[in-house]
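Here the structure comes first, spelled out in structure tokens, and everything after it is commentary.
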Amino acid sequence: VSIGVVDATASRHNCAVRPDLITAIIRAALADGKETKTLDVIALGTEELPIASAIARAQLTFTAKKGAGEIAYDAKPTPIRVFFSEGLKSKSGALETIATYIQLCQRLVDAPTNVLDTTTFAEIAAAYGEKLGCTVDIIKGEELRERGYGGIYGVGKAAEFPPHLVTLTYKPKGEVDPTSKISFVGKGIVYDTGGLAIKTPATVMCSMKGDMGGAAGVFTGFCSLVALGTKKELSVTLCLADNAIGPRSFRNDDILRLKSGLSVEVQNTDAEGRLVLADGVYHASSQLSFKPAQIMNMATLTGAQGINTGQKHAGLYVNDEAAENATVAAGKKSGDTCFPMVYLPEYHKANFASNIADYKNISAANDAGSSCAGHFVEANLAKEWKGQFIHVDIAYPSKDAKGATGFGVALIVQQYGSELLA
């Protein structure tokens, strides 16, 4: 029997149940050297979602150790049973569904690119979408160029496997209130070498397999909502590309024309995420079968995010105060904590001025870099779209010292489906 004590100290910007400490307690219990067929956890708290999420992310399920590569890289995690001291208030099976998708998110982010390339990720997304009754739309390779998606095409065209823009759409039965139509967009750079502006030293490139954490987060969050029986009309668009080096690599000084119509002067091929997302948010705001009231964009976008909001809080760049407050509250409630970054597009835009194009793809140094990156993405929304835009930069909270955290699933469920737990 192990007793884990969670520090009662949780500041006003933190989740009250301290899920970070719960994860650490579960990991310690599983690593005590004793054979454990099943771990039983008795939770004294009543906040079920953040507790269940913290326990789910304690075990990483992707491994290539001991021949696991021959059995789908499955770590065969120890079964965990969770008992809430005051009884379970959530709907039967709901927490297990969420935990399953958190662990799927972790598996996707932890998988290396020779296992999870753009084609494989697209196939996985399509398979889950079809199983959940979604419409699946995939634009890939040269079709992206032909249809004007110059950002994602330019970034991914040099790779062995082509770039893909994958959209899953879910429409429940009956009429849907216009405010209940939500679109998600995720950055899915399956590997980021930095392109021709290569990352140096070489150690900086390690862990860049996880540069698709945003796509993994919105994909598994979307699947969670659909599996739980949401009444909202939803879509998720995954912007999948491999920022590889080769004869067809895009270059510094190239000019790309994005789907929105904006032209971009490339000043750094390592600022590629915003280019693929620019096409993604335009697609979500103008090319779907429905008009979303809100678009949530998630990405491991900037290293400056960790400086801005820390290693455990995602950075938020939001065009609407009510939506910003709701996302902060959902983060504190779910354990996927977030904190706002400055929203000043009237200042940010000037940082991207180019003599020969509408924008450069990098902004001036030392001037709210994470917010500027969010602005670049926002600038590519369709002009006629007037909804709420929520950009979530998860560069740091998407992983910890052990691996992927599954960040995004609990946040999305709390913000858009808390009623599904009751």
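The values are calculated or read from the model by the stated rules, or taken from the named source; none is laboratory data. Not measured: the values here are computed from a predicted model. Note that we place each Cβ from the backbone using ideal geometry, even for glycine, and neighbour counts take in every protein chain shown. What goes into the accessible areas is simple: the full protein's heavy atoms, side chains included, and nothing from ligands, DNA or RNA. Shrake-Rupley method; radii C 1.70, N 1.55, O 1.52, S 1.80 Å.
Heavy-atom accessible area per residue, the stretch 1-47, 1.4 Å probe: how many Å²? Walk me through the numbers before you get to the answer.
On the way: 3280 Å² over 47 residues.
Accessible surface, normalised per residue, equals 70 Å².
Across the stretch 123-139, rounded Karplus estimates of 3J(HN,Hα) from the backbone phi angles (6.51 cos²θ - 1.76 cosθ + 1.60, θ = phi - 60°) give 5, 5, 4, 5, 5, 5, x, 5, 5, 8, x, 9, 7, 10, 10, 10, 10 Hz, Gly and Pro being marked x.
How many Å² of accessible area per residue for the stretch 382-422, probe 1.4 Å?
Working: 1460 Å² over 41 residues.
With the other protein chains kept in place, the stretch 382-422 gives 36 Å² per residue.
Summarising the strand pairing of the chain, around 40 percent of its internal DSSP beta bridges are antiparallel. Under a 5 Å amide H cut-off, with hydrogens placed 1.01 Å from N, residue 297 pairs with 185, 390, 391, 392 among residues at least 5 apart or on other chains.
Once you have a ≥ b ≥ c as the square roots of the Cα gyration tensor eigenvalues for the stretch 175-260, tell me rounded if a/c is under 1.5, and otherwise prolate or oblate according to whether a/b is larger than b/c.
In terms of gyration-tensor shape, oblate.
Please state the relative contact order of the stretch 262-408 as a whole percent: Cα pairs under 8 Å, 6+ residues apart? Don't skip to the end; give the middle numbers.
Details: 254 pairs, mean separation 59.3, N = 147.
For the stretch 262-408, the relative contact order is 40 percent.
Taking 76, 181, 140 in turn, the Gaussian network model of the chain (Cα-Cα springs below 10 Å) assigns the largest fluctuation to 76. For the stretch 367-412 and the stretch 1-63, compute the distance between their C-alpha centroids and round to whole Å. Here the answer is 27 Å between Cα centres. Partner aspartates and glutamates whose Cα lies under 15 Å from the Cα of residue 402, excluding those fewer than 8 positions away in the same chain, are identified as 20, 110. Probe radius 1.4 Å, ligands and nucleic acids ignored: give me the carbon and sulfur share of the accessible area of the chain as a rounded percent. C and S atoms contribute 52 percent here.
Packing around the peptides 79-89, 113-123, taken as the average count of other Cβ atoms within 10 Å per residue, puts them in this order, highest first: 113-123, 79-89.
Amide hydrogen proximity for residue 43: with H placed 1.01 Å from N in the peptide plane, the residues at 5 or more positions away or on another chain lying under 5 Å are 83, 84, 85. Sorting 341-347, 357-363, 184-190, 269-275 by average packing, meaning the other beta carbons within 10 Å per residue, from highest down gives 184-190, 269-275, 357-363, 341-347. Across the stretch 189-338, the mean sequence separation of Cα contacts (distance under 8 Å, 6 or more residues apart), normalised by length, yields a relative contact order of 23 percent.
So what is the calculated 222 nm ellipticity per residue for the chain, using -39500 (n - 2.57) for each DSSP H run with n of 4 or more, over all residues, to the nearest 500 deg cm²/dmol? Please list the in-between numbers first.
Working: 13 runs with 136 residues, N = 422.
The helix contribution divided over the chain gives -9500 deg cm²/dmol.
Would you work out the relative contact order for the chain, in percent, from Cα pairs under 8 angstrom that are 6 or more residues apart?
Working: 942 pairs, mean separation 78.1, N = 422.
Computed over the chain, the figure is 19 percent.
Per-residue accessible area (protein heavy atoms, 1.4 Å probe) orders 102, 307, 71 as 307, 71, 102, starting from the largest. Residue by residue, the stretch 278-295 carries 3J(HN,Hα) couplings of 4, 5, x, 6, 5, 4, 5, 8, 8, 10, 8, 7, 9, 9, x, 7, 9, 10 Hz when phi is fed to the Karplus relation 6.51 cos²θ - 1.76 cosθ + 1.60 (θ = phi - 60°); x denotes Gly or Pro.
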